[in-house]
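Below: the structure, in C-alpha coordinates.
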Amino acid sequence: MHKINIDTDLANILQTHSPSGQEYDYSSILGNVGSVVKDSIGNCICSINTSKNFRLLIEAHADEISLRVIYISDDGYIFFRQNGGVDPLQLIGQSVTILSDSGEITGVVGCKPMHIKRAEEYAKVPLIEDLFIDIGVCNGSSAKQLVKVGDYVVFSNNLKILNNNRISSKGIDNKVGVYILSRILKQINKDDLDICVYGVLSSQEEIGCRGANVAVQNIKPQMIMCIDTCVATDTPDISSNILGDIRLGRGVAIPLSTENSVRLIKEVEIIAKNGNIKYQTFLPHSVLGRNNTPTLQINGGGCEVLTLCIPCRYLHSSVEICDISDINAAISLAVRFIESLRV
Ligand SMILES: [Zn+2]
(Lines give C-alpha, C1' and ligand atoms only; values in the text may rest on other atoms or scores of the structure.)
Protein backbone atom coordinates (compact mmCIF):
# COMPACT_ATOMS: atom_id res chain seq x y z
CA MET A 1 0.00 0.00 0.00
CA HIS A 2 1.49 3.32 -1.05
CA LYS A 3 1.27 6.14 1.44
CA ILE A 4 1.00 9.15 -0.88
CA ASN A 5 -2.05 10.46 -2.62
CA ILE A 6 -1.36 12.20 -5.88
CA ASP A 7 -3.16 15.51 -6.50
CA THR A 8 -6.21 14.82 -8.68
CA ASP A 9 -5.38 17.66 -11.09
CA LEU A 10 -1.84 16.31 -11.58
CA ALA A 11 -3.17 12.78 -12.15
CA ASN A 12 -5.72 14.06 -14.66
CA ILE A 13 -3.16 16.13 -16.56
CA LEU A 14 -0.72 13.20 -16.70
CA GLN A 15 -3.45 11.10 -18.30
CA THR A 16 -4.29 13.52 -21.10
CA HIS A 17 -2.95 12.72 -24.56
CA SER A 18 -1.17 15.71 -26.06
CA PRO A 19 0.97 14.84 -29.12
CA SER A 20 2.90 17.64 -30.86
CA GLY A 21 0.54 19.19 -33.41
CA GLN A 22 -2.62 17.89 -31.77
CA GLU A 23 -2.17 19.18 -28.25
CA TYR A 24 -4.85 18.59 -25.66
CA ASP A 25 -7.04 21.63 -24.99
CA TYR A 26 -6.00 22.71 -21.49
CA SER A 27 -8.24 25.82 -21.53
CA SER A 28 -10.47 24.37 -18.83
CA ILE A 29 -7.48 24.04 -16.50
CA LEU A 30 -6.34 27.65 -16.99
CA GLY A 31 -9.82 29.12 -17.50
CA ASN A 32 -10.60 29.71 -13.85
CA VAL A 33 -7.54 31.90 -13.21
CA GLY A 34 -7.52 34.37 -16.10
CA SER A 35 -8.74 34.98 -19.59
CA VAL A 36 -7.71 32.17 -21.96
CA VAL A 37 -7.24 32.09 -25.71
CA LYS A 38 -5.99 29.35 -28.03
CA ASP A 39 -3.95 30.64 -30.95
CA SER A 40 -3.78 29.07 -34.38
CA ILE A 41 -0.55 27.15 -33.72
CA GLY A 42 -2.08 25.47 -30.66
CA ASN A 43 -0.74 27.57 -27.80
CA CYS A 44 -3.10 27.93 -24.85
CA ILE A 45 -2.50 31.40 -23.39
CA CYS A 46 -3.85 32.68 -20.09
CA SER A 47 -3.42 36.37 -19.29
CA ILE A 48 -3.72 38.04 -15.89
CA ASN A 49 -3.55 41.78 -15.08
CA THR A 50 -3.20 42.96 -18.68
CA SER A 51 -3.55 46.63 -17.66
CA LYS A 52 0.02 46.53 -16.27
CA ASN A 53 2.89 47.47 -18.55
CA PHE A 54 5.52 44.93 -17.50
CA ARG A 55 4.84 41.56 -19.13
CA LEU A 56 6.15 38.31 -17.62
CA LEU A 57 5.75 35.27 -19.87
CA ILE A 58 5.70 31.91 -18.08
CA GLU A 59 5.96 29.04 -20.52
CA ALA A 60 5.63 25.26 -20.29
CA HIS A 61 5.33 23.11 -23.38
CA ALA A 62 2.12 21.13 -23.46
CA ASP A 63 3.06 18.53 -26.07
CA GLU A 64 4.45 15.05 -25.57
CA ILE A 65 6.56 12.80 -27.80
CA SER A 66 4.46 10.67 -30.11
CA LEU A 67 4.24 8.83 -33.43
CA ARG A 68 2.17 9.26 -36.60
CA VAL A 69 0.70 6.58 -38.82
CA ILE A 70 2.48 6.39 -42.17
CA TYR A 71 1.11 3.15 -43.72
CA ILE A 72 -1.43 0.40 -43.06
CA SER A 73 -0.55 -3.00 -44.56
CA ASP A 74 -2.96 -5.45 -46.22
CA ASP A 75 -2.63 -7.61 -43.10
CA GLY A 76 -3.78 -4.71 -40.91
CA TYR A 77 -0.42 -3.85 -39.34
CA ILE A 78 0.24 -0.17 -38.77
CA PHE A 79 3.57 1.45 -39.58
CA PHE A 80 4.61 4.83 -38.24
CA ARG A 81 7.26 7.50 -37.92
CA GLN A 82 8.42 9.53 -34.93
CA ASN A 83 6.74 12.83 -34.08
CA GLY A 84 9.34 14.07 -31.60
CA GLY A 85 12.29 12.28 -30.01
CA VAL A 86 11.14 8.68 -29.61
CA ASP A 87 13.84 6.02 -29.19
CA PRO A 88 12.80 2.90 -31.19
CA LEU A 89 14.19 0.71 -28.41
CA GLN A 90 11.62 2.17 -26.02
CA LEU A 91 8.74 1.15 -28.25
CA ILE A 92 9.17 -2.61 -28.36
CA GLY A 93 6.53 -4.38 -26.31
CA GLN A 94 4.69 -1.15 -25.49
CA SER A 95 0.98 -0.51 -25.36
CA VAL A 96 0.09 2.49 -27.51
CA THR A 97 -3.06 4.50 -28.13
CA ILE A 98 -4.00 5.70 -31.61
CA LEU A 99 -6.02 8.93 -31.50
CA SER A 100 -8.36 8.24 -34.40
CA ASP A 101 -11.59 9.77 -35.65
CA SER A 102 -13.34 6.72 -34.16
CA GLY A 103 -11.88 7.45 -30.73
CA GLU A 104 -8.93 5.94 -28.91
CA ILE A 105 -7.72 2.68 -30.48
CA THR A 106 -5.46 0.51 -28.32
CA GLY A 107 -2.60 -1.38 -29.92
CA VAL A 108 0.74 -2.94 -29.08
CA VAL A 109 4.14 -2.67 -30.70
CA GLY A 110 4.94 -6.33 -31.21
CA CYS A 111 8.30 -8.06 -31.18
CA LYS A 112 9.70 -11.34 -32.49
CA PRO A 113 9.56 -14.06 -29.82
CA MET A 114 12.97 -14.72 -28.29
CA HIS A 115 12.58 -18.44 -29.04
CA ILE A 116 13.08 -17.86 -32.75
CA LYS A 117 15.60 -15.03 -32.67
CA ARG A 118 19.00 -15.73 -34.14
CA ALA A 119 22.06 -14.73 -32.09
CA GLU A 120 22.90 -11.82 -34.37
CA GLU A 121 19.39 -10.39 -33.98
CA TYR A 122 19.99 -9.77 -30.28
CA ALA A 123 22.81 -7.38 -31.15
CA LYS A 124 20.76 -5.48 -33.70
CA VAL A 125 19.28 -2.13 -32.73
CA PRO A 126 15.82 -1.83 -34.31
CA LEU A 127 15.05 0.95 -36.75
CA ILE A 128 11.70 2.71 -36.55
CA GLU A 129 10.70 1.17 -39.90
CA ASP A 130 11.22 -2.35 -38.49
CA LEU A 131 8.45 -1.77 -35.95
CA PHE A 132 4.67 -1.95 -36.36
CA ILE A 133 1.50 -1.67 -34.31
CA ASP A 134 -0.95 -4.56 -33.96
CA ILE A 135 -4.50 -3.42 -33.14
CA GLY A 136 -5.96 -6.90 -33.22
CA VAL A 137 -7.72 -6.77 -36.59
CA CYS A 138 -7.54 -9.49 -39.26
CA ASN A 139 -6.85 -7.43 -42.36
CA GLY A 140 -6.08 -4.01 -43.81
CA SER A 141 -9.64 -3.02 -44.59
CA SER A 142 -10.70 -3.60 -40.96
CA ALA A 143 -7.71 -1.53 -39.82
CA LYS A 144 -8.56 1.27 -42.24
CA GLN A 145 -12.08 1.52 -40.83
CA LEU A 146 -10.52 2.47 -37.50
CA VAL A 147 -7.25 4.20 -38.32
CA LYS A 148 -6.03 6.45 -41.12
CA VAL A 149 -2.65 7.68 -42.35
CA GLY A 150 -1.64 10.74 -40.33
CA ASP A 151 -3.32 9.68 -37.07
CA TYR A 152 -1.35 10.47 -33.93
CA VAL A 153 -0.11 7.66 -31.67
CA VAL A 154 0.90 8.08 -28.01
CA PHE A 155 2.06 5.78 -25.24
CA SER A 156 -1.00 4.41 -23.44
CA ASN A 157 -1.77 5.81 -20.00
CA ASN A 158 0.24 4.08 -17.31
CA LEU A 159 0.44 6.38 -14.29
CA LYS A 160 1.93 4.61 -11.25
CA ILE A 161 2.57 5.88 -7.75
CA LEU A 162 5.93 4.60 -6.56
CA ASN A 163 7.63 4.65 -3.20
CA ASN A 164 9.24 7.69 -1.66
CA ASN A 165 6.89 10.36 -3.09
CA ARG A 166 7.62 9.44 -6.70
CA ILE A 167 5.47 8.85 -9.74
CA SER A 168 6.03 7.11 -13.06
CA SER A 169 4.10 7.85 -16.23
CA LYS A 170 4.36 8.51 -19.91
CA GLY A 171 4.44 12.22 -20.73
CA ILE A 172 5.87 13.53 -17.44
CA ASP A 173 7.84 15.64 -19.94
CA ASN A 174 6.14 18.06 -19.83
CA LYS A 175 2.76 17.39 -18.18
CA VAL A 176 4.38 18.27 -14.87
CA GLY A 177 5.20 21.65 -16.43
CA VAL A 178 1.54 22.08 -17.42
CA TYR A 179 0.49 21.28 -13.84
CA ILE A 180 3.13 23.59 -12.31
CA LEU A 181 2.13 26.49 -14.55
CA SER A 182 -1.56 26.02 -13.71
CA ARG A 183 -0.74 25.98 -9.99
CA ILE A 184 1.47 29.08 -10.21
CA LEU A 185 -1.29 31.05 -11.94
CA LYS A 186 -3.78 29.89 -9.32
CA GLN A 187 -1.58 30.67 -6.32
CA ILE A 188 -0.04 34.05 -7.13
CA ASN A 189 -1.67 36.87 -5.22
CA LYS A 190 -3.29 38.72 -8.10
CA ASP A 191 -4.46 41.71 -6.05
CA ASP A 192 -0.92 42.63 -5.13
CA LEU A 193 0.72 42.04 -8.53
CA ASP A 194 2.63 44.90 -10.08
CA ILE A 195 2.97 43.11 -13.41
CA CYS A 196 1.02 41.40 -16.17
CA VAL A 197 1.45 37.63 -16.42
CA TYR A 198 1.01 35.55 -19.55
CA GLY A 199 0.90 31.81 -18.88
CA VAL A 200 1.62 29.96 -22.12
CA LEU A 201 1.10 26.23 -22.54
CA SER A 202 3.03 26.03 -25.77
CA SER A 203 2.63 23.65 -28.69
CA GLN A 204 5.09 21.66 -30.81
CA GLU A 205 8.20 21.90 -28.59
CA GLU A 206 9.20 18.32 -29.34
CA ILE A 207 9.26 19.01 -33.08
CA GLY A 208 11.23 22.26 -33.06
CA CYS A 209 10.08 24.71 -30.36
CA ARG A 210 7.47 26.21 -32.68
CA GLY A 211 4.62 27.28 -30.38
CA ALA A 212 6.90 29.11 -27.94
CA ASN A 213 8.61 30.86 -30.83
CA VAL A 214 5.29 32.26 -32.05
CA ALA A 215 3.97 33.13 -28.57
CA VAL A 216 7.02 35.08 -27.49
CA GLN A 217 7.02 37.18 -30.66
CA ASN A 218 3.33 38.03 -30.20
CA ILE A 219 3.45 38.76 -26.46
CA LYS A 220 6.78 40.63 -26.49
CA PRO A 221 7.50 40.07 -22.78
CA GLN A 222 10.11 41.90 -20.70
CA MET A 223 10.92 38.75 -18.70
CA ILE A 224 10.48 35.02 -19.31
CA MET A 225 10.22 31.94 -17.10
CA CYS A 226 10.43 28.54 -18.79
CA ILE A 227 9.34 25.35 -17.01
CA ASP A 228 10.38 21.91 -18.26
CA THR A 229 11.84 18.60 -17.20
CA CYS A 230 15.57 17.82 -17.27
CA VAL A 231 17.62 14.62 -17.31
CA ALA A 232 18.21 13.25 -13.81
CA THR A 233 21.63 11.64 -13.53
CA ASP A 234 21.01 9.52 -10.42
CA THR A 235 20.77 6.14 -12.16
CA PRO A 236 23.57 3.54 -12.43
CA ASP A 237 23.96 4.00 -16.20
CA ILE A 238 24.78 7.72 -16.15
CA SER A 239 28.17 9.21 -15.20
CA SER A 240 27.92 12.27 -12.99
CA ASN A 241 31.51 13.20 -13.89
CA ILE A 242 30.34 13.76 -17.46
CA LEU A 243 26.74 14.88 -17.03
CA GLY A 244 26.66 16.43 -13.55
CA ASP A 245 24.76 15.45 -10.42
CA ILE A 246 21.01 16.01 -10.74
CA ARG A 247 18.90 14.05 -8.27
CA LEU A 248 15.25 13.32 -7.74
CA GLY A 249 13.99 14.76 -4.47
CA ARG A 250 16.81 17.27 -4.12
CA GLY A 251 14.56 20.12 -5.26
CA VAL A 252 13.72 22.17 -8.31
CA ALA A 253 16.71 22.19 -10.71
CA ILE A 254 17.98 25.53 -12.02
CA PRO A 255 20.11 25.31 -15.18
CA LEU A 256 23.15 27.57 -15.33
CA SER A 257 23.31 27.54 -19.12
CA THR A 258 24.17 30.79 -20.87
CA GLU A 259 20.65 31.58 -22.01
CA ASN A 260 19.56 31.95 -18.39
CA SER A 261 20.00 35.30 -16.64
CA VAL A 262 22.77 35.32 -14.02
CA ARG A 263 20.88 38.06 -12.14
CA LEU A 264 17.61 36.11 -12.00
CA ILE A 265 19.39 32.91 -10.93
CA LYS A 266 20.97 34.82 -8.02
CA GLU A 267 17.59 36.26 -7.05
CA VAL A 268 15.77 32.92 -7.00
CA GLU A 269 18.62 31.33 -5.05
CA ILE A 270 18.16 33.97 -2.34
CA ILE A 271 14.38 33.44 -2.36
CA ALA A 272 14.83 29.66 -2.14
CA LYS A 273 17.29 29.94 0.77
CA ASN A 274 15.10 32.41 2.68
CA GLY A 275 11.99 30.29 2.11
CA ASN A 276 13.64 26.92 2.82
CA ILE A 277 12.72 25.74 -0.67
CA LYS A 278 14.88 22.88 -1.91
CA TYR A 279 16.75 23.58 -5.14
CA GLN A 280 19.78 22.35 -7.05
CA THR A 281 21.81 23.98 -9.80
CA PHE A 282 23.35 22.22 -12.78
CA LEU A 283 25.04 22.91 -16.09
CA PRO A 284 23.22 21.12 -18.93
CA HIS A 285 25.52 18.80 -20.86
CA SER A 286 24.78 20.43 -24.20
CA VAL A 287 25.77 24.01 -25.04
CA LEU A 288 22.56 24.19 -27.01
CA GLY A 289 19.56 23.91 -24.73
CA ARG A 290 17.25 20.99 -25.33
CA ASN A 291 14.11 22.90 -24.39
CA ASN A 292 12.38 26.13 -25.33
CA THR A 293 14.75 28.42 -23.40
CA PRO A 294 17.12 29.44 -26.26
CA THR A 295 14.16 30.06 -28.58
CA LEU A 296 12.45 32.19 -25.94
CA GLN A 297 15.63 34.15 -25.25
CA ILE A 298 16.50 34.93 -28.86
CA ASN A 299 13.00 35.54 -30.18
CA GLY A 300 12.05 37.39 -27.02
CA GLY A 301 14.47 40.13 -28.04
CA GLY A 302 17.11 39.00 -25.58
CA CYS A 303 15.12 39.74 -22.42
CA GLU A 304 16.02 38.00 -19.17
CA VAL A 305 15.11 34.31 -18.99
CA LEU A 306 14.93 31.97 -16.03
CA THR A 307 14.36 28.23 -16.41
CA LEU A 308 13.04 25.94 -13.70
CA CYS A 309 13.39 22.20 -14.28
CA ILE A 310 11.96 19.07 -12.72
CA PRO A 311 14.55 16.27 -12.67
CA CYS A 312 13.19 13.27 -14.55
CA ARG A 313 14.58 9.76 -14.95
CA TYR A 314 14.26 7.83 -18.22
CA LEU A 315 13.32 10.97 -20.15
CA HIS A 316 11.37 10.35 -23.38
CA SER A 317 10.50 6.79 -22.37
CA SER A 318 7.05 5.54 -21.36
CA VAL A 319 8.22 5.14 -17.76
CA GLU A 320 9.56 8.57 -16.85
CA ILE A 321 9.91 9.10 -13.10
CA CYS A 322 9.88 12.30 -11.08
CA ASP A 323 9.50 13.29 -7.43
CA ILE A 324 6.41 15.16 -6.26
CA SER A 325 8.43 17.20 -3.74
CA ASP A 326 10.44 18.68 -6.65
CA ILE A 327 7.19 19.71 -8.36
CA ASN A 328 5.97 21.41 -5.18
CA ALA A 329 9.34 23.14 -4.72
CA ALA A 330 9.11 24.55 -8.25
CA ILE A 331 5.61 25.91 -7.61
CA SER A 332 6.62 27.56 -4.29
CA LEU A 333 9.78 29.09 -5.75
CA ALA A 334 8.04 30.45 -8.83
CA VAL A 335 5.15 31.95 -6.84
CA ARG A 336 7.49 33.70 -4.38
CA PHE A 337 9.68 34.95 -7.21
CA ILE A 338 6.75 36.39 -9.18
CA GLU A 339 5.28 38.04 -6.08
CA SER A 340 8.67 39.64 -5.39
CA LEU A 341 8.81 41.36 -8.79
CA ARG A 342 8.45 45.10 -8.54
CA VAL A 343 8.75 47.42 -11.52
ZN1 LIG B 1 10.30 18.88 -22.36
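The values are calculated or read from the model by the stated rules, or taken from the named source; none is laboratory data. In this text the structure is predicted, and so the values were computed from the model without any measurement. Note that we place each Cβ from the backbone using ideal geometry, even for glycine, and neighbour counts take in every protein chain shown.
Some observations on this one:
- Residue count for the stretch 155-211, restricted to those that are within 16 Å of the ligand (Cβ to nearest atom) and of a type in the set (Phe, Trp, Tyr): 2.
- Some residue of the stretch 121-128 being within 16 Å of the ligand (Cβ to nearest atom) and not aliphatic (A, V, I, L, M): no
- Restricting the stretch 52-90 to residues that are crowded, with 21+ Cβ neighbours inside 10 Å and among the small types (Gly, Ala, Ser), the residue that is farthest from Val108 (Cα to Cα): Ala60
Okay, residues lined up against (1) at pLDDT 95 or above; (2) of a type in the set (S, T, N, Q); (3) within 27 Å of Val319 (Cα to Cα):
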position: Ile72; (1), (2), (3): yes, no, no
position: Phe80; (1), (2), (3): yes, no, yes
position: Thr106; (1), (2), (3): yes, yes, yes
position: Lys112; (1), (2), (3): no, no, yes
position: Lys117; (1), (2), (3): no, no, yes
position: Pro126; (1), (2), (3): no, no, yes
position: Ile133; (1), (2), (3): yes, no, yes
position: Cys138; (1), (2), (3): yes, no, no
position: Phe155; (1), (2), (3): yes, no, yes
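- The single condition from (1) more than 24 Å from Ile219 (Cβ to Cβ); (2) within 16 Å of the ligand (Cβ to nearest atom); (3) crowded, with 18+ Cβ neighbours inside 10 Å that His285 fails is (3).
- Among (1) touching a residue at least 24 places away in the same chain (Cβ under 8 Å); (2) farther than 15 Å from Lys170 by Cβ; (3) assigned by TED's automatic domain parsing to the domain that holds Ser203; (4) within 23 Å of the chain's Cα centre (by Cα) - the single one Thr50 does not satisfy: (4)
- Some residue of the stretch 183-191 being in the same structural domain as Asn83 (by TED's automatic domain parsing) and part of a helix (DSSP H, G or I): no
- Where helices (runs of 4 or more DSSP H) fall wholly inside the stretch 75-182, the ranges with 2 or more residues that are in contact (Cβ under 8 Å) with a residue 12 or more places away in the chain and of a type in the set (A, V, I, L, M) are 88-91, 140-146.
- Matching residues in the stretch 212-229 - criterion: being under 18 Å from Leu306 (Cα atoms) and either at pLDDT below 95 or away from the ligand (no atom under 14 Å from the Cβ) (or both): Asn213, Ala215, Val216, Gln217, Ile219, Lys220, Pro221, Gln222, Met223, Ile224, Met225
- Residue among Ile41, Ile45, Ile58, Ile72 that is of a type in the set (Val, Ile, Thr), touching a Leu at 6+ places or on another chain (Cβ under 9 Å) and more than 16 Å from the ligand (Cβ to nearest atom): Ile45
- Here is the figure for the stretch 288-320: residues that are touching a Leu at 6+ places or on another chain (Cβ under 7 Å), away from the ligand (no atom under 15 Å from the Cβ) and of a type outside the set (D, E, K, R) total 2.
- Leading residue by the ranking (surrounded by the most Cβ atoms within 10 Å (Cβ to Cβ)) among those in the stretch 288-307 that are in contact with an Asp or Glu (Cβ under 9 Å, 6 or more places away or on another chain) and closer than 20 Å to Ser240 by Cα: Gly289
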